[in-house]
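Here is the structure we will look at.
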Amino acid sequence: MTDQPSVTVPEPTIIHSINDAECRRFQASVELVGKRWSSGILLAIGRGSTRFSEIVVAVPGLSDRLLAQRLKELETAGMVDRQVLSTTPVQVHYRLSARGGDLLASLQPLVAWGQRWGEPLIEQ
């Protein structure tokens, strides 16, 4: 017997039909969010980390090379806006676009689930 909290499981939402275009959009969304580090980067930016160095610190284990790659992908996908300030030295700030903010809001239930149930997954 485990010490898992008792939970009332809600009835699943039944999707009676999904067309091919909806399926492809859903799959593309899951692949974007499921790409290693992408969700962590979105969460870090959503929590206020706007500079490259701040995001690296906010997402432990993320390399500079991979952060640069993921930021380009997220920018191309319209999730992140990049702002270059012509200061000396040049500063680059990242923020969530409206699309990225909407995605982050839809991820909040998954973040809550991970806080509640994710520990055994990390230990595996």
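Here are the numbers for this structure:
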| quantity | calculated |
| --- | --- |
| Residues of the range 51-61 satisfying the condition of being surrounded by fewer than 16 Cβ atoms within 10 Å (Cβ to Cβ), of a type outside the set (D, E, K, R) and not in a helix (DSSP H, G or I) | P60, G61 |
| Subset of the range 80-106 that is out of contact with any strand residue (DSSP E or B) (no Cβ under 7 Å at 6 or more places or on another chain) and either modelled with pLDDT of 95 or more or closer than 25 Å to R25 by Cα (or both) - its residue that is surrounded by the most Cβ atoms within 10 Å (Cβ to Cβ) | L103 |
| Unmet requirement for R95, which otherwise passes all of (1) assigned to a helix (DSSP H, G or I); (2) touching an Asp or Glu at 6+ places or on another chain (Cβ under 6 Å) | (1) |
| Filtered residue count, the range 22-40, keeping only those that are surrounded by 14 or more Cβ atoms within 10 Å (Cβ to Cβ) and either assigned to a helix (DSSP H, G or I) or aliphatic (A, V, I, L, M) (or both) | 5 |
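The values are calculated or read from the model by the stated rules, or taken from the named source; none is laboratory data. The shown structure was predicted, so the numbers you read here are calculated from the model rather than taken from an experiment. When we count neighbours, we look across all protein chains shown, and the Cβ atoms used for this are built from the backbone with ideal geometry, even at glycine.
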